[in-house]
């Protein structure tokens, strides 16, 4: 029970901090729409960076399985560096998605509340239609982002497995064993890149929607 209370308190504090942040930004002319636009753009960049990083990790693995002689310990360090960089990229994407979801909730709640303040039924109806359209596009965007993010998990697991296996088996037999893993990782990375492309494209569509007309 104490743990539950602590969690509730943390959530309340977090919400309070977010509300204070949005209020402070609004006082200097930066509204929730602006913040959301900025966060979607940042997420788009993080997705593009992740694409490049996971592709780089695949290329490093490809070089490893065709490696002939030399210092396998150095090869392990390269593979492990790629795994750690890929994990960092995945965490960055997840963080950017969470930031978008946070401001989206605040933006849509505010928008819905302000719709009730219209005295003009015509303007009220137009605003409601724009809100619904934006929410539909947002839901499509966030689902696409989550699909791409979820594709990272199996690739990260495989990269970690390969890194650990190579660490403890620095010999030619280890490289032979990893050759069979490469095809699966290659397929998963290609699937990840395809999902990322969809999410990046939807990010741009949503950015265009939020841009002032």
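The values are calculated or read from the model by the stated rules, or taken from the named source; none is laboratory data. Being a predicted model, the structure only gives us computed values, none of them experimental. Note: ideal-geometry Cβ built from the backbone for every residue, glycine included; neighbour counts use all protein chains shown.
For residue 86, the requirement of being surrounded by 14 or more Cβ atoms within 10 Å (Cβ to Cβ), more than 28 Å from residue 25 (Cα to Cα) and more than 11 Å from the chain's Cα centre (by Cα) is met. Going by the conditions given, is residue 133 part of a helix (DSSP H, G or I), in contact with a helix residue (DSSP H, G or I) (Cβ under 7 Å, 6 or more places away or on another chain) and surrounded by fewer than 16 Cβ atoms within 10 Å (Cβ to Cβ)? No. Residues considered: 127, 119, 163, 144. Of these, the only one that is surrounded by 15 or more Cβ atoms within 10 Å (Cβ to Cβ) and more than 26 Å from residue 53 (Cα to Cα) is 127.
In this structure, residue 101 qualifies as within 26 Å of residue 50 (Cα to Cα), assigned by TED's automatic domain parsing to the domain that holds residue 173 and touching a residue at least 12 places away in the same chain (Cβ under 8 Å).
Residue 170 falls short on exactly one of the conditions (1) assigned to a helix (DSSP H, G or I); (2) surrounded by fewer than 17 Cβ atoms within 10 Å (Cβ to Cβ); (3) in contact (Cβ under 8 Å) with a residue 40 or more places away in the chain, and that condition is (1).
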